[in-house]
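I have placed the structure first, in the form of structure tokens, so that the comments after it can refer back to it.
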Amino acid sequence: MSIQPHTPVHLDAVVVGAGFAGLYMLHALRDRLGLKATVFEAADDVGGTWYWNRYPGARCDIDSYDYSFSFSDEIQQEWTWSEKYAAQPEIMKYLQFVADKLKLRPDINFETRVVSSTYDEHARRWVIRTDRGHTVVCKYYISGAGTLSNAADPAFKGKHSFKGEVYSTSAWPHEPVDFTGKTVGIIGTGASAIQAIPLIAQQAKHLTVFQRTPNYTVPLQNCRETEEEVKAIKANYAEIRKQSKAALAGVAFPSMRTSMFDDTPEQVQQHLEYCWNAGGFSLWLGAYGDVLTDEKASNIVAEFVRSKIRQRVTDPKTAEKLCPRYLYGTKRQPCETRYYETYNRDNVALVDVKADPIQQITEDGIDLESGQSVHFDCLIYATGFDAFTGPLYKLGVKGRGGATLQAHWRTGVRTNLGLMSHGFPNFFMITGPQSPSVLFNMPLGIEQHVEWIADAIRYMEDNGLEAIEPALEEEVEWDKLVADIANATLLPRTDTWYTGSNIPGKPRKFLVYLGGGAAYKQTCDEVARNGYTGFVFESDPSLSANVA
Ligand code: N01
């Protein structure tokens, strides 16, 4: 329900965020479990990450038909995607359609940010406060705040002295930004910048890209969906979903072969070429099973991509600057549309800020350590996120004994199943750290978490239970399992936002469960089937009433 500020309200559940996660969680709590629940959302509309990240070129890089809810056949049959990889405005429209169809809006409090969340141990209730003066006392507290919703804020000297227009890809204005006739500087060359740069370059008078680390970027190969394709997908949706859910990263790649070393070098090149042309994540997650575990296999793909960059970028020096050197596959592979050709334009310059670091931001541009100054009218930050923990810490979560999540995770995140953490009873994290989260198809991963959480809540309600919390030993076990699986791959060897190393002072730890979505779901289901092994319950219904 939508609630009034300044009068404490007692509800069954509070959900944070109205993106994919919050929308489905609200639906599950309210319409399947019959609970009284409300959502707090900082934006003035639904959409979550797709509300904020509306920079030019923003689009999904998993097939639209896969990157959508599967829980309602009615929704998936009614909704028609126009492109293979939907652009941000279409994904926003889709989430608005879902919210309206399920009549979710009346239970969402927009333009309202949670500022503190405190567990009252005696009452076994969460007390949630917002920046608009709401106080809600609830039994279940669920974060759908996302993993990439808290922008990193690199501390550039002179940052606030810039007098021109300043933009951030992660909080792009709602009105279209027109760069016509303007000079622009953009810092960062991650997935966001790689989508935005080709379009900004077409419009701006001049664009300077400040690149610290080049990425292995592969053509997206987006196209319109034909009527026949749409018909075939909709007719076959059940099977498509089954295959996606069983696949390692929540997307089925029929091109996947077990080992690169079962093929001859010629066959390998042919297969890599095939995956390159297939587009999206085919090369990264759909070529060979050992690309992410075997350094030699990773190096072969790395050289393959570098050869593509050299073919596409006409100036050999610029091409070399764009050639990555880190282990292929260990960073999230961005997908591009004419990204490399953009550097053949006369109005685009690439500055390597690893070789010549940014010394300071000035009132009209950037000074480099070499003494060179670059001037522009508009500055764009595409500098990434404080992933996983950033959005959770912003909620001001205090569990047992007033301990903060920050304190509990001081030496590194520790959870059970990436769903809950010891000391924070009844606090659930949708796509939390140490779950498959960002290395699984997000909407499908979200569905699995929402359904597990809803089942756990139903179990508690049916059995008169007041609190659920992971046992400490189980959390330690899960932590070890996540690390062991990650360490069997190459991924932890590179500094990335997966390890938290893009944020100064953040403990370095690989924060994604890499065992694959199917194995993960099986574990979660087994835990539930066996009466939530590894979780401790408290039951004392007499304490559930009269909370102050
Ligand atoms: O952020 P990033 P992003 N000085 O962290 C640079 C998802 N996503 O917003 O690599 C100079 O990847 C930094 O340099 P370095 C997706 O999961 C999905 O682009 O640290 N440069 C890097 O180049 C993705 O992975 C879609 O050396 C600095 C850039 O800023 C995730 O979001 C689309 C710097 C940050 O890149 C994040 O992507 C877009 C400094 N001080 C994003 N600090 C879809 O298609 C940082 N950088 C669904």
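Each reported figure results from applying straightforward, stated rules to the coordinates on display, with no laboratory input. Remember, predicted model here, so these are calculated numbers, not experimental data. We place every Cβ from the backbone using ideal geometry, glycine too, and count neighbours over all the protein chains shown.
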Checked against the positive end of the charge dipole of segment 111-230 (+1 on Cβ of Lys and Arg, -1 on Cβ of Asp and Glu, about the Cα centre), the farthest of Tyr167, Cys223, Gln195 is Tyr167
Farthest toward positive dipole pole in the chain [+1 Lys/Arg, -1 Asp/Glu at C-beta], among Ile366, Thr264, Met460
Ile366
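Dipole size in debye (nearest 20) for segment 77-222 around its Cα centre, Lys and Arg Cβ +1, Asp and Glu Cβ -1? It would help to have the intermediate numbers written out before the result.
On the way: 17 positive and 13 negative charges, 64 e Å.
For this selection, approximately 300 debye.
State, as an integer percentage, the relative contact order of segment 172-260 based on alpha-carbon contacts under 8 Å between residues 6 or more apart.
Values: 58 pairs, mean separation 19.7, N = 89.
Over segment 172-260, the number comes to 22 percent.
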Amide H of Lys398: which non-local residues (sequence gap of 5 or more, or other chain) have their own amide H closer than 5 Å, using H built in the peptide plane?
Ser117, Thr118, Tyr119
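With a cut-off of at most 13 other beta carbons within 10 Å, and DSSP calling the residue loop, which GluC sites (Glu not before Pro) in segment 364-453 qualify? Please list them. Present the calculation step by step, with values, prior to reporting the outcome.
On the way: sites: Glu369, Glu447, Glu451; in loops: Glu369.
Passing sites in segment 364-453 are Glu369.
Hey, can you rank 167-176, 91-100 by average C-beta count inside 10 Å, highest first?
So the peptides 167-176, 91-100, ranked by packing, come out 91-100, 167-176.
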If you wrap a convex hull around the C-alpha atoms of segment 425-509 and split its volume per residue, what is the figure in Å³?
115
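Quote to one decimal, in nm, the extra length available between Glu461 and Lys157 on full extension: 0.36 nm per residue of separation minus the C-alpha distance between them.
104.1 nm
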To the nearest 10 degrees, how steeply does helix 295-312 sit against the main Cα axis of the chain, on a 0 to 90 scale?
50
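Work out the P(r) tail for segment 250-293: percent of alpha carbon pairs separated by more than 15 Å, whole number. Show your work: numbers first, answer last.
Details: 313 of 946 pairs.
Of all Cα-Cα distances in segment 250-293, 33 percent exceed 15 Å.
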Compute the acute angle (0 to 90°) between the alpha-carbon long axis of helix 517-529 and the principal axis of greatest extent of the alpha-carbon atoms of the chain; round to the nearest 10°.
10
Tell me the relative contact order for the chain as a rounded percent, counting alpha carbon contacts under 8 Å between residues six or more apart.
19
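Sorting Val46, Val313 on the 10 Å Cβ count, fewest up front, what's the list? Mind dumping the intermediate values first?
Working: Val46 26, Val313 22.
Placing the least packed residue first, the sequence is Val313, Val46.
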For a quick check: sort Thr523, Thr342 by the number of other beta carbons within 10 angstrom, fewest at the front.
Thr523, Thr342
When the dipole is taken about the Cα centre of segment 176-276, and only Lys, Arg (+1) and Asp, Glu (-1) are charged at their Cβ, what size is it in debye, to the nearest 20?
500
May I ask for log10 I(q)/I(0) of the chain at q = 0.09 Å⁻¹, from a Debye sum over the Cα atoms as equal point scatterers with solvent left out?
-0.68
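Just want to confirm a number: the relative contact order over segment 414-486, from Cα pairs under 8 angstrom separated by 6+ residues, in percent. Spell out each step's value before the answer.
Details: 81 pairs, mean separation 31.6, N = 73.
It comes to 43 percent, rounded to a whole number.
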Measure out, as a whole number of angstrom, how far apart the alpha-carbon centroids of segment 6-66 and segment 396-420 sit.
23
In the chain, if the dipole is taken from +1 on Lys/Arg beta carbons and -1 on Asp/Glu beta carbons about the Cα centre, which of Gly505, Ile91, Pro470 is farthest to the positive end?
Gly505
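Among DSSP beta bridges whose residues both lie in segment 16-145, state the antiparallel percentage, nearest 5.
Working: 11 of 15 bridges.
So the antiparallel bridges in segment 16-145 amount to around 75 percent.
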Using the count of nearby Cβ atoms within 10 Å as a rough guide to exposure, how do Cys378, Cys275, Cys223 rank from fewest to most?
Cys223, Cys378, Cys275
Which log10 I(q)/I(0) values does segment 185-256 give at q = 0.20, 0.23, 0.24, 0.28 Å⁻¹ under the Debye formula, counting every alpha carbon as one identical point scatterer?
-0.93, -1.04, -1.09, -1.26
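Looking at the chain only, what percent of DSSP beta bridges run antiparallel? Nearest 5 please. Intermediate results must be reported in sequence, preceding the final value.
Details: 27 of 66 bridges.
Given both bridge residues lie in the chain, the antiparallel proportion sits at roughly 40 percent.
With charges only on Cβ, +1 for K and R and -1 for D and E, what is the dipole size of the chain about its Cα centre, in debye, rounded to 20? Show your work: numbers first, answer last.
Details: 55 positive and 67 negative charges, 173 e Å.
Result for the chain is approximately 840 debye, rounded to the nearest 20.
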